[in-house]
Amino acid sequence: MATYDFDLFTIGAGSGGVRASRMAATFGAKTVVAEERYLGGTCVNVGCIPKKLLVYASEFGEGFSDAAGFGWNLGPRQLDWKTLIANKDREIHRLNGVYRRLLTEAGATILEGRATLVDAHTVSINGRQYTAKYILVATGSWPVVPEVPGSNHAITSNEAFFLEQRPERVMLVGGGYIAVEFAGIFHGMGSHVTLVHRGAKLLRGFDEDLRETLGNEMSKRGIDLHLSCNVTRIEKAAGGLHAHLDSGETVNADIIMYATGRAPHTHGLGLEKAGVRMDDQGAIVVDPYSQSSVAHIYAIGDCTNRIMLTPVAIAEGRAVAETLFNHRPMRVDYSGVPSAVFSQPNLGTVGLTEGEARERFGEVAIYKSTFRPLKHTLSGRDEMTFMKLVIDKNTDRVVGCHMIGADAGEIIQGLAVALKCNATKAQFDATIGIHPTAAEEFVTMRSSS
Ligand SMILES: Cc1cc2nc3c(=O)[nH]c(=O)nc-3n(C[C@H](O)[C@H](O)[C@H](O)COP(=O)(O)OP(=O)(O)OC[C@H]3O[C@@H](n4cnc5c(N)ncnc54)[C@H](O)[C@@H]3O)c2cc1C
């Protein structure tokens with residue numbers, strides 16, 4: 001029987017790679033994980049965590065204004081950008097240490113450097129080669145910037161977390177969740193924000209009502225939306241950057257950030273040499289057990305381009321470890337994956353959009369509610385909360401829950417459990433609400449269309 005240096009060689013210590021490696025080591029597998037950049041991957045270093053910290057920071061702006069309606073008299077306020085970024089960096093550094101400890105305490109070896117595949121059982125890193133019975137590719141994704149003249153002057157989310165100072169004028173390109181979240185972040189911190197998006201609405205793939213409402217709410221706040229519009233050229237001049245749009249307009253900005261999608265981070269990994277099949281986007285093609293076209297090479301997370309979210313990468317990592325090292329073949333259930341967008345206001349969603357449900361079930365009942373949240377009756381803030389339930393009429397099952405408003409992600413997480421349990425509208429109706437909350441509206445909606 002062939003002998004190998006390791007049972008498992010994981011490439012990439014991000015959300016998926018860390019979970020798989022920790023669990024494999026806990027199950028007794030001799031495990032090594034290679035990381036070229038930062039322990040914890042995108043989520044911890046340049047994704048979910050620092051982003052949410054910046055969202056919190058930016059929400060204080062409106063919070064201070066809201067406070068006046070409650071009798072608070074606040075003096076002049078000023079954001080110290082350097083303190084914010086330094087505090088954020090300190091927390092990320094602490095998390096890097098937590099990830100290191102979690103891996104080493106589980107018994108996994110960490111190798112710092114860029115790993116590449118040599119053949120189907122061999123990985124090269126830092127000038128050395130290691131063999132492994134199984135190789136797990138968990139290399140994540142990378143921002144894609146379209147080739148537009150001058151787009152080399154633009155940044156991506158990778159750099160946005162480390163700006164030296166708060167930009168006065170920001171232009172975002174893109175209409176996905178990263179673009180709208182950063183629009184809220186910069187706007188909340190006092191920058192003038194312009195968002196340019198080629199589509200007619202933001203957040204493709206989300207329920208149409210949410211897309212519409214978010215666009216309205218962002219405009220109301222003063223974010224300058226340029227929809228159905230493309231950047232044709234960017235110029236750098238003494239006064240900053242000038243972006244020319246195909247509408248004939250020019251946007252002047254200090255920072256231009258592209259958030260126009262992410263591609264699997266698989267280039268130059270040596271996958272072709274090992275015989276691993278990829279699709280035309282560079283995503284590793286895998287089966288429901290995350291097994292690639294080469295039997296002992298697995299791939300998880302963003303590099304497989306299934307659902308690019310941290311909890312999904314973690315679930316895939318766990319499933320691979322259970323399958324290979326705990327005699328428990330496991331596959332991830334991709335139905336009803338909830339998600340949130342930390343735009344301002346927040347947005348949360350689980351299940352099918354109205355359009356998808358109509359296509360799948362034909363007859364659907366739609367319950368909607370739009371209201372001014374209690375808090376804003378005194379704060380005076382002009383912000384509406386919107387909620388929507390999508391019901392399959394034949395079975396009475398709730399197949400979609402959508403919300404835009406404060407804490408939408410927190411609320412939808414609970415409802416995702418109800419949808420996993422195939423809850424019906426009658427069961428929602430039989431649930432007593434918690435008063436006074438916004439969430440109670442989800443169990444008190446009575447008239448459908
Ligand atoms: C701005 C932003 C905000 C986000 N917000 C959210 C959110 O709110 N909620 C959510 O669920 N998801 C969010 N995501 C998505 C989430 O971060 C990813 O889905 C998740 O990190 C994917 O995990 P992964 O393990 O596939 O890859 P990653 O976490 O990206 O980890 C891959 C790791 O592999 C390393 N690597 C790559 N190639 C090599 C190599 N050859 N050798 C050694 N190491 C290598 C990389 O350095 C990286 O550390 C966000 C992403 C971004 C960019």
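Remarks
- Test: residue in the stretch 429-449 that is part of a helix (DSSP H, G or I) and farther than 30 Å from Gly63 by Cβ: yes
- When each of Thr395, Thr377 is tested for being out of contact with any Cys (no Cβ under 7 Å at 6 or more places or on another chain), touching a residue at least 24 places away in the same chain (Cβ under 8 Å) and among the hydroxyl-bearing types (Ser, Thr, Tyr), the lone residue that passes is Thr395.
- Qualifying positions in the stretch 87-120 - more than 30 Å from Val276 (Cβ to Cβ) and more than 23 Å from the chain's Cα centre (by Cα): Arg101, Glu105
- Condition broken by Val337, with the remaining ones in (1) assigned to a loop (DSSP other than H, G, I, E, B); (2) of a type in the set (Val, Ile, Thr); (3) surrounded by 20 or more Cβ atoms within 10 Å (Cβ to Cβ) satisfied: (3)
- Residue in the stretch 282-293 that is within 13 Å of the ligand (Cβ to nearest atom) and closer than 17 Å to Ser21 by Cβ present: yes
- One residue alone among Glu322, Glu356 is at pLDDT 95 or above, acidic (Asp, Glu), assigned to a helix (DSSP H, G or I) and touching a Phe, Trp or Tyr at 6+ places or on another chain (Cβ under 9 Å), and that residue is Glu322.
- Residue check for Thr194: outside any loop (DSSP other than H, G, I, E, B), more than 16 Å from the ligand (Cβ to nearest atom) and under 30 Å from Ser369 (Cα atoms): yes
- Residue in the stretch 239-253 that is closer than 25 Å to Leu309 by Cβ and in contact (Cβ under 8 Å) with a residue 24 or more places away in the chain present: no
- Residue check, Glu181 within 16 Å of the ligand (Cβ to nearest atom), in contact with a strand residue (DSSP E or B) (Cβ under 8 Å, 6 or more places away or on another chain) and at pLDDT 95 or above: yes
- Among the residues of the stretch 287-307, those that are under 19 Å from Trp142 (Cβ atoms) and either buried (at least 19 other Cβ atoms within 10 Å of the Cβ) or in contact with an Asp or Glu (Cβ under 8 Å, 6 or more places away or on another chain) (or both) comprise Ala299, Ile300, Gly301, Asp302, Cys303, Thr304, Asn305, Arg306.
- Top-ranked residue of the stretch 1-39 - restricted to ones that are in a strand (DSSP E or B) and within 7 Å of the ligand (Cβ to nearest atom), ranked as farthest from Ile135 (Cα to Cα): Glu35
- Looking only at the stretch 222-264, and only at residues there that are more than 30 Å from Ala283 (Cα to Cα) and of a type in the set (D, E, K, R), the one that is nearest to the chain's Cα centre (by Cα): Asp224
- Note on the stretch 156-173: residues that are within 14 Å of the ligand (Cβ to nearest atom) and surrounded by fewer than 16 Cβ atoms within 10 Å (Cβ to Cβ) total 3.
- Among the residues of the stretch 123-140, those that are among the hydroxyl-bearing types (Ser, Thr, Tyr) and either within 14 Å of the ligand (Cβ to nearest atom) or within 22 Å of Thr310 (Cα to Cα) (or both) comprise Ser124, Tyr130, Thr139.
- The listed residues are Leu203, Leu210, Leu225, and the only one of them that is modelled with pLDDT of 95 or more, under 21 Å from Gln344 (Cβ atoms) and within 16 Å of the ligand (Cβ to nearest atom) turns out to be Leu203.
- Cβ-Cβ distances below 7 Å connect the following pairs, each with a first residue in the stretch 406-425 that is modelled with pLDDT of 95 or more, a second residue that is assigned to a helix (DSSP H, G or I), and a separation of six or more residues or different chains: Ile411/Ala439; Leu415/Phe442.
The values are calculated or read from the model by the stated rules, or taken from the named source; none is laboratory data. Just so you know, these numbers come straight off a predicted model, no measurement behind them. No Cβ is skipped: glycine too gets one built from the backbone with ideal geometry, and neighbour counts run over all protein chains shown.
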